[in-house]
Amino acid sequence: MTKIDREDVVSELVSLRNDGDVAVITIDNPPVNALNFALRAGLVDLVARAQADAGITAIVIVCAGRTFIAGADIGEFGKPAREPTTIDVIEAIEASAKPVIAALHGTPLGGGLEVALGCHFRVAAPGTRLGLPEIKLGLIPGAGGTQRLPRLIGLDKAMAMILTGDPMPVAEALEAGLIDAIVEGDLAAAAVAFARGIVAQGRMPVLAKNRDDRLAPWRGDIQKFDAAAAGYLRRARGRDAPAAAIEALRGAITLPVEQALERERALFLDLVAGEQSKAQRHIFFAEREAAKLPELADAKARDIARAAVIGAGTMGGGIAVCFANAGVPVTVVEANGEALARGLDAVAKHYHSAAARGSLAADEADARLARIAGTTDLAGIADADIVIEAVFEDMALKQQVFGALDRIAKPGAVLATNTSYLDVDALARGIRRPDAVVGMHFFSPAHVMRLLEVVRGAATAPATLATAIAVGRKIGKIPVVVGVCHGFVGNRMHRVRSVEAERLLLEGALPRDVDAAMTDFGFPMGPFATADLAGLDVGWRMRKAQGVSAPIADLLCESGRFGQKTGRGFYLYTAGSRTPQPDPEVARLIAAERARRGVAPGTIGSDEIVERLLFAMINEGARILSEGIARRPGDIDVIWVYGYGFPAHRGGPMYYADSIGLARIRDRLAAFADRTGDESLRPAPPLARLAAEGKGFASI
């Protein structure tokens, strides 16, 4: 057992104990050891104490709980800095005459990894993942990350970590030089042993900021740097943070290190004060708020050991992959053997492709695939703790499936529907356990898209809802609870955008005009390119069932143009390419439909296109809030950012509405309604009221 000579408890967050000649500083600030002011002050104090103790030869910094410091306290962003700052902590560590070893586990992220970069050595437990995810909050590392990281692992790897925000697995971190060792067993004891070895060997630490060997190949070759950065800048789509990160990283090879650190800090502070980072921080908090339902405080989620999916199509297969990836065995049920084989083959192809690309180890791909079983016998769902139906969007068919599930599923099983717009309450009616029914609306492709709309029916039991939320988190989704209405939140707003997009075509715009305006705004794809990707026949089938129309899209479908799958939709696709090309035939079809309706086409600017599409969505969002379908404006923002590609740096539709002012939106909507005669564009009463009061949706 490790002998403890002395223990000084400095605060509830940071403590010091001496393990012989090694000082062990322990951070304990649950849940993720966020680097707040009290923790920073404690760290500086204890490093100084260890420095002053003549009996100490080395210092180890370790964290209690599930992770090493997982970042700064985001609640302090935008507030006056309190000293000691994270930079002060790092400088105190770097100034230590005694080697300081960071003992890492869990997810050392952001400011936490920057503290570790300031330490003289780094050891890590197996499974540790290290990252600088600030870019996902519209920021860059602000405490030296853009300077110390490339000096340890090289500019190319550092650029990838900082510009994507994705963490690096521990084995890769060791190979790259980010850490010095992977240690097994008790982390603190292993770090102490490592520290003693360093002292015994007389190894003189070289501070990360003073290393130059990894940067030497880049110095004097700025074209090499620019070429490496170009791809990241192309994908920035109007975001400020990527360009700032590139500029900070450029400083690593063009400026003395102290000047580069100052430049990094200035860029960081500009971003913190900017509107884009404020919007992305709004999404960060809204995502966490979406999971908070006070009425579920006493509800216990059921354990999910096995799952079943009804339907082996694209969506069903994707849902099965989600469970298999999370370690949950899943049975896929199809009506006939041919459809089942086709679905399972697609799943196998997915895993084999992942292994071939190197994004998944071959043995892990095989293990995940082995968790997926297929059957044509519905009795195969009998031992599942949750069953998700993913059959065609046909109410009669889904009711038939739920009737069968009611008979076969075991007591306590959650019966979920993946419907994207049908009435969840209608599915629950007529079965013996309506309290077990819940909507779990995945977004395509289900194994990639992170959003999960959890639809709470009138009879859904709290335990059922809690289980659906817990399952969503377990399989890596962001669950947002919504109420029952046609299309729920996301698709209900998407429908009004689609109506307005079609109207723009009839008034004079072409598909490429509309799509360009939306991609310039920050969407990854425009509405028409997105429709081609999804398949125009999907919406066509739904519209026919509802007795509604989309004039241009319906004409395209009637001529066999279903999008990328047929090589023709709103755009033309050459063989083997997914790149949309304008199609003169579509332009002629649109012109003919305008003539048939007696519409004289006009010129519609990109600003008006954005307003027409987004303001209609925002108006519908106001109705959704007033009806209680969405609980909070932030819930709508999370749905649109994670499910529909709304640019995170604009904060989601409701946040964006507040940022430009509801009075402007109200007035423009009224003008659109007057011009088109479409009363659905008239400002919704809750939007009009807030605008009149000078308030925004955030005040709700």
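Derivation of every value follows stated rules applied to the coordinates shown; laboratory data play no part. Since we're looking at a predicted model, the values are computed, not measured. Note that each Cβ is placed from the backbone with ideal geometry, even for glycine, and that neighbours are counted across all protein chains shown.
Here are the numbers for the structure shown:
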quantity: Gyration tensor verdict on the stretch 6-270 (Cα atoms; rounded if a/c is under 1.5, prolate if a/b is larger than b/c, oblate otherwise); calculated: prolate
quantity: Whole-angstrom Cα spans of the stretch 426-516 along principal axes, big to small; calculated: 53, 30, 15
quantity: Listed residues LEU233, HIS282, GLY185: farthest to the positive end of the dipole of the stretch 169-312 (Cβ charges); calculated: LEU233
quantity: Average projection area in nm² (convex hull over Cα atoms of the chain, one quarter of hull surface); calculated: 33.7 nm²
quantity: Sequence of GLU134, GLU83, GLU507 once ranked by neighbouring C-beta atoms within 10 Å, starting from the fewest; calculated: GLU83, GLU507, GLU134
quantity: DSSP H segments from the chain that extend 27 Å or more along their own axis, Cα-based, with Kyte-Doolittle mean of 1.6 or above; calculated: none
quantity: For the stretch 609-673, Kirkwood radius (reciprocal of mean inverse C-alpha pair distance, Å); calculated: 11.9 Å
quantity: Cβ-based net charge around GLY439, under 9 Å, with every Lys or Arg adding one and every Asp or Glu removing one; calculated: 0
quantity: Alpha carbon centroid spacing (whole Å) that separates the stretch 129-207 from the stretch 404-418; calculated: 47 Å
quantity: The chain: calculated mean residue ellipticity at 222 nm from DSSP helix runs of at least 4, using -39500 (n - 2.57); calculated: -15500 deg cm²/dmol
quantity: Distance in nm between pseudo-label sites at ARG541 and ALA305 (7 Å out along the Cβ direction from Cα); calculated: 3.6 nm
quantity: Residue pairs, from the table LYS136/LYS157; LYS300/LYS474; LYS157/LYS474; LYS79/LYS292; LYS209/LYS278; LYS292/LYS544, whose Cα atoms sit over 27 Å apart; calculated: LYS157/LYS474; LYS209/LYS278; LYS292/LYS544
quantity: Within the chain: Cβ-based charge dipole about Cα centre, in debye rounded to nearest 20 (Lys, Arg +1; Asp, Glu -1); calculated: 900 debye
quantity: For q = 0.11 Å⁻¹, Debye-computed log10 I/I(0) when each Cα of the stretch 296-488 counts as one equal scatterer; calculated: -0.44
quantity: DSSP-assigned coil residues among trypsin sites (Lys or Arg not before Pro) in the stretch 299-329, each with at most 11 further Cβ atoms within 10 Å; calculated: LYS300
quantity: Cα lying deepest toward the dipole's positive end in the stretch 6-270, options LEU249, LEU13, LEU149, charges on Cβ; calculated: LEU249
quantity: Low-density loop cleavage sites - trypsin sites (Lys or Arg not before Pro) in the stretch 593-700, where at most 14 other Cβ are within 10 Å (DSSP); calculated: LYS695
quantity: Cleavage-rule hits (GluC sites (Glu not before Pro)) in the stretch 594-653: DSSP loop, at most 15 neighbouring Cβ within 10 angstrom; calculated: GLU627
quantity: Alpha-carbon Rg/Rh ratio, for the stretch 201-254, with Rh computed the Kirkwood way; calculated: 1.14
